[in-house]
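The values are calculated or read from the model by the stated rules, or taken from the named source; none is laboratory data. If you're wondering where the values come from, they're calculated on a predicted model, not measured in any experiment. All Cβ positions, even for glycine, are placed from backbone atoms using ideal geometry, and neighbour counts span all protein chains on display. Note: areas computed on protein heavy atoms with side chains; ligands, DNA, RNA excluded. Shrake-Rupley method; radii C 1.70, N 1.55, O 1.52, S 1.80 Å.
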Amino acid sequence: MKVITTDVLIIGAGLAGERAAIASAQAGLDVTMLSLVPPRRSHSAAAQGGMQASLGNSVKGAGDNPTIHWLDTVKGSDWGADQEVARIFADNAPIAMREMAHFGVPWNRVEGGPRDVYIKGKKTTIVEDFDNEGLITARDFGGTAKWRTCYTADGTGHTVLYAMDNLAVQLDINIHDRMEALSLIHEDGICMGAIVRCLRTGDIMAYMSKSTAIATGGYGRLYGESTNAVINEGTGSWLALQTGQVPLANMEAVQFHPTGIVPTDILVTEGCRGDGGLLLDVDEYRFMPDYEPEKQELASRDVVSRRMKEHILKGKGVQSSYGEHLWLDLRHLGEQHLTTKLREVYDICMYFIGVNPIKELIPVRPTQHYSMGGIRVNKDGHAYGLKGLFALGEVANWDMHGFNRLGGNSLAETVVAGMVVGEKIASYTKSAELNAKVTLAEKFAKEQTDLIHHLMNNDGSENVYAIRDEIAELLKDHVHIFRTGENLEKAVKGLKAILGRIKNVKVRTSAPGMNPELSQALRIEGMAKQAYIIAQGALLRTESRGAHTREDYPARDDKNWLNRTLATWAVGADEPAFNYEPVGQLDLPPGDRGYGGGQMIDMDLTIEQYNAKVDAEQTALGKHPTSEPIGFRIPKELWREESPYKDAK
Amino acid sequence: MARTLTFKIFRYNPTKDNDEPHIETYELEETPRLNLFTALHRIREKQAPDLMYDFVCRAGICGSCAMMINGRPTLACRTLTSDLSDTIELYPLPFFKLLGDLSVDTGVWFHDMAKRVESWIHTQKEFDPTALEERMDNATANKIYGSERCIECGCCVAACATAQVYPDFLGAAGLNRIGRFLFDPRDQRGEQEWFELVSTDVGVFGCIGMMACDDVCPKDLPLLEVFSYIRRKMNSGVQVAVQDLELS
């Protein structure tokens, strides 16, 4: 077996992975990145709308600062976020945007003088400050007090990923693409690399490293109907889960984006509504102001998706052969706007559904989009339970998003986490030793070659694609926007039955090389187990918070559920174990989000009592010591002084 | 009345002993708004479990799925079968290394291209995290984005007559990348550096102007405009070099 050694092994070469790789390369370390696909094809490239950072250069962002960004993020999370991590993020986001400008991103810039925009359905003239001409501008996004989302037209992920990969090429970072990590090599609580399958040759090899970071993106494809790329099948979170030692957190927190197009489920960006797009029903009536008079179409994604579904259930959906949908109206924005700032959206509509958004309405419905849950890490990005393992980006639960992430905050997270966690990985690696125990690598490799042998040669007759589709059906039918105990029990029961059938999956072809059916079969146990954790976690969480909406428990219950779900799956166990930890130290007390309605059950602890238990309870569940004490980065109660909503838009 | 589509697909697995390139035929019932992403998955999942091809975003954004569709290089994900004849011929892109069936190694070629054209901002300036960003006018940003939109699908190179003859030719994608950095005021490469990079027969002077790249580019990049800009720029580069010579 081929064994490759490196200081830092990064699994996943999207934005988070590449930025972390750059941090280690700049620290003089030998870095190797593995990726299922060439880095520029990573799903980061598909992000359209932009990245939130409180630069405050546009007149509609005037007065913005990291505190306001942080407040929006915590409220958006429905208080499920780790407020300190949200702080680290909001404080560093402006630096990250400027750094990306330095690396070559052609951000759209402020143009001084008047221009016409649409705000809350009305055409309005705003006057940009000539003093800010040429600085990075921003557009409006949901759940924010200011225009804060930096963008390059509607190809932001693409330009940021290309600038990042350019730098990776310049630094000559090793990139091994078409490689799939199958398991982590670990012993005595220390991670030492990964067993990897080459998707060109089918060869199994070992990468041994001082530190390993997982940055593989989300698990949206478990739902089948998802805006996610086809590679987002939870492969990275499965690497962590199968060790039996690393918990996955808040897996039931799944985001549904209001505007997936029908059919095909391809995303059109929140920037459509940020730039003035409206949601209409079967009567072409604009319904959102009736539900959300303040934020209207630009409430947070969980709220808009819920309202859309609610409106459809009232009989106001548009019937189609692909099920019911609503309309997104961009016609009033005009040809010039749609063929420049929203040109990728224009292309998608024209090519995929034959709709010309200049003249026609776009059929949309809420569609699975983002995984708030993921590998639980501490604020340094260090995974619970296994030393030397890090995770960042969508695959991680860092956790700045809690139970709902704001649009524009995930693309920004990739780069900020890449900077912040990237530095922690580099400093950890510098004091770590390379323990290239080949016998250990061989033991882990044998598990995979045995599994491959089993998949090719067993007597079962289960078809891997049929099982994949059954998992998706169960999640779609029972663990979607509105959840009930009864439906969730059906999902859990169904997934349990599927788990029992996994061992009978039989790969029909023994073709050497890529063998796509074998690739799918190697992922299916991880997909089934993660789906089970999503469903079971949702069943256990008897409250409604952010994107997790229980019709039978409509209140946000801060008394019992101001916590984070942690699921581990012991090797050989029939089912996962669930534990709960405090969300992190609180600074902004739980309160009303200002949109979305809903009831609240107040917590019965004081903030001080809650904060006092955070460190010990998290440590008991596997949190490693952090480079700075818990709470260190929170400027306590600064938000009171800055009174940020005073002159909000 | 739904059509029955006939797919004639190039098959060859280079990792398999004694395999020979050949064509296999599959039939599939057409459904409304069927695209080749869905069609190929249906064929793979029901009929040909070892069929190799590449999709990632399936939204025309990532550039993975370019292939020859009835003789023309384009993105499979956004090609609707309703725009095609009853018989659909699928071949891998030429020029790139074949990995198997419809899958080619565009990633390695584009990585190599990025190295050759030094596809990064050349600057002596250090990033200062405490300073405001350098200003840029929005028109310049838009112009850069116009070329930056390339998704590295490889259609332009696959369609290029020069590239088939000179494997080192940078192709439209490479020249477009050079244009992207020429437009960018942050890149401080001088005329001479550009001249040495571009003014060779694997650079801009290798192009014989048939512009198939422009016809097939799925992103409608302004390739004509970019090439003429580079050529004009290189002409002025020659003049600068000649003047330098006269002065010395």
Notebook entry, point to check: Per residue in segment B:13-45, which ones lose no less than 30 Å² of accessible surface when going from chain alone to all protein chains (1.4 Å probe)?
Noted result: B:T15, B:R33, B:R44, B:E45
Check: Got a sec? Which residues of segment B:138-171 lose 30 Å² or more of accessible surface with every protein chain in place, vs. that chain alone, 1.4 Å probe?
Finding: B:N138, B:A141, B:Y145, B:E148, B:R149, B:E152
Margin query: Ordering A:D592, B:D54 by accessible area with a probe of 1.4 Å, largest first, what comes out?
Written below: A:D592, B:D54
Check: For segment A:469-618, what is the accessible area per residue in Å² when the probe is 1.4 Å?
Finding: 38
Notebook entry, point to check: Per the Debye formula with a single identical scatterer at each Cα and no solvent contribution, what log10 I(q)/I(0) holds for segment A:501-629 at q = 0.10 Å⁻¹?
Noted result: -0.51
Notebook entry, point to check: Considering protein heavy atoms only and a 1.4 Å probe radius, which residues within segment A:142-184 exhibit an accessible-area decrease of no less than 40 Å² in the full assembly relative to the chain by itself?
Noted result: A:H158, A:Y162, A:N166, A:V169, A:Q170, A:R178
Margin query: Taking the Cα of A:I607, stepping 7 Å toward and past its beta carbon, and measuring to each backbone N in segment A:143-168: which are under 13 Å?
Written below: none
Next item on the list: Give the carbon-plus-sulfur fraction of the accessible surface of segment A:405-485 in %, rounded to a whole number; probe 1.4 Å, heavy atoms of protein chains only.
Entry: 50
Next item on the list: For a label point 7 Å from the Cα of A:E486 along Cα→C-beta, name the residues of segment A:555-572 whose backbone N is under 18 Å from it.
Entry: none
Check: If you bin the C-alpha pair distances of segment A:344-444 every 5 Å from 0, what whole percents do you get?
Finding: 2, 10, 15, 14, 11, 11, 10, 8, 6, 5, 3, 2, 1
Next item on the list: Distance between Cα centroids, segment A:266-322 to segment A:1-75: provide it in whole Å.
Entry: 30
Check: When the Cα centres of segment B:107-128 and segment A:521-577 are compared, how far apart do they sit, in Å?
Finding: 44
Checklist line | ³J(HN,Hα) computed for each position of segment A:347-363 - Karplus, 6.51 cos²θ - 1.76 cosθ + 1.60, integer Hz, glycine/proline x | finding: 4, 4, 5, 5, 6, 8, 10, x, 10, 9, x, 5, 10, 10, 7, 9, x
Checklist line | B:S236/B:D83 FRET efficiency (R0 60 Å; Cβ-Cβ; nearest 0.05) | finding: 0.85
Item checked: Order of exposure, largest accessible area first, which applies to B:K125, A:K210 with probe 1.4 Å -> B:K125, A:K210
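Kindly rank A:342-353, B:145-156 from highest to lowest mean number of other beta carbons found within 10 Å of each residue.
Packing order, densest peptide first, comes out as B:145-156, A:342-353.
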Checklist line | Simple spin-label estimate for B:D112 and A:D459 in nanometres, 7 Å along Cα-Cβ | finding: 5.0
Check: Of the listed peptides B:175-186, A:226-237, what is their order by residue-averaged count of other C-beta atoms within 10 Å, with the highest listed first?
Finding: A:226-237, B:175-186
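Give the carbon-plus-sulfur fraction of the accessible surface of segment B:107-229 in %, rounded to a whole number; probe 1.4 Å, heavy atoms of protein chains only.
55
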Check: At a probe size of 1.4 Å, how large is the accessible area of B:L170, to the nearest 10 Å²?
Finding: 10
Notebook entry, point to check: Where in segment B:78-109 does the amide nitrogen come within less than 19 Å of the point 7 Å from the Cα of B:T31, taken along Cα to Cβ?
Noted result: B:78-84
Notebook entry, point to check: Can you give the average number of partner chain beta-carbon atoms within 10 Å of each beta-carbon in peptide B:77-90, as a whole number?
Noted result: 1
Check: Could you give the nm distance between label points at A:E473 and A:Q336, where each point is 7 Å from its Cα heading toward the beta carbon?
Finding: 5.2
Notebook entry, point to check: What is the dipole size for chain B, taken about its Cα centre, with +1 at each Lys and Arg Cβ and -1 at each Asp and Glu Cβ, in debye to the nearest 20?
Noted result: 500
Checklist line | Environment charge at A:I362 (Cβ cut-off 10 Å; Lys +1, Arg +1, Asp -1, Glu -1) | finding: -1
Check: Once B and A are treated as a pair rather than alone, how much accessible area drops out, both sides summed, in Å² to 100, probe 1.4 Å?
Finding: 6000
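May I ask you to work out the translational diffusion coefficient for segment A:1-146 at 25 °C, viscosity 0.890 mPa s, via Stokes-Einstein with Rh from the Kirkwood sum over Cα pairs, reported in whole µm²/s? Numbers along the way, then the final one.
Numbers: Rh = 17.9 Å.
Rounded to a whole number, D works out at 137 µm²/s.
Taking only protein heavy atoms into account and a 1.4 Å probe, give the accessible area per residue of segment A:367-418 in Å².
7
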Notebook entry, point to check: Reported to two decimal places, what Rg/Rh ratio describes the protein assembly as shown when computed on Cα atoms with Rh from the Kirkwood expression?
Noted result: 0.94
Notebook entry, point to check: Over segment A:483-569, what number does the Rg to Rh ratio reach, with both radii from the alpha-carbon atoms and Rh per Kirkwood?
Noted result: 1.14
Notebook entry, point to check: Given H placed 1.01 Å from N in the peptide plane, which residues other than close sequence neighbours of A:G142 have an amide H under 5 Å from its amide H?
Noted result: A:G407
Item checked: Other-chain or far-sequence residues with amide H under 5 Å of A:V377's (modelled H) -> A:Y384, A:N397
Item checked: Karplus-derived 3J(HN,Hα), 6.51/-1.76/1.60, for each residue of segment A:541-550, Hz, glycine and proline x -> 7, 8, 7, 10, 8, x, 6, 8, 10, 9
Note to self: For a quick check: with amide H placed at 1.01 Å from N, whose amide H comes under 5 Å from A:H186's, ignoring anything fewer than 5 positions away on the same chain?
What the structure shows: A:M192
Notebook entry, point to check: Just counting partner chain Cβ atoms within 10 Å, what average do the residues of peptide A:512-525 show around their Cβ?
Noted result: 4
Check: Once phi is turned into θ = phi - 60°, what whole-Hz ³J(HN,Hα) does the Karplus curve with 6.51, -1.76 and 1.60 give for every residue of segment A:389-394, x standing for Gly and Pro?
Finding: 10, 10, 8, 7, x, 4
Note to self: Starting from the 7 Å offset along Cα-to-Cβ, what nm value, one decimal, do you get for the label separation of A:S431 and A:F578?
What the structure shows: 3.8
Margin query: Give me the percent relative contact order of chain B, please, defined on Cα pairs under 8 angstrom at least 6 residues apart.
Written below: 17
Checklist line | Local net charge near B:C160, Cβ-Cβ under 12 Å (Lys/Arg +1, Asp/Glu -1) | finding: -2
Check: In straight Cα distance, which aspartates and glutamates are under 18 Å from B:K16, not counting same-chain residues fewer than 8 positions off?
Finding: A:D203, A:E517, B:E24, B:D50, B:D101, B:D105
Note to self: Within segment A:112-198, what whole-number % of the accessible surface is contributed by carbon and sulfur, with the 1.4 Å probe and all protein chains included in the calculation?
What the structure shows: 48
Next item on the list: Would you calculate, for the protein assembly as shown, the mean residue ellipticity at 222 nm contributed by helices, counting each DSSP H stretch of 4 or more residues as -39,500 (n - 2.57) and dividing by all residues, to the nearest 500?
Entry: -11000 deg cm²/dmol
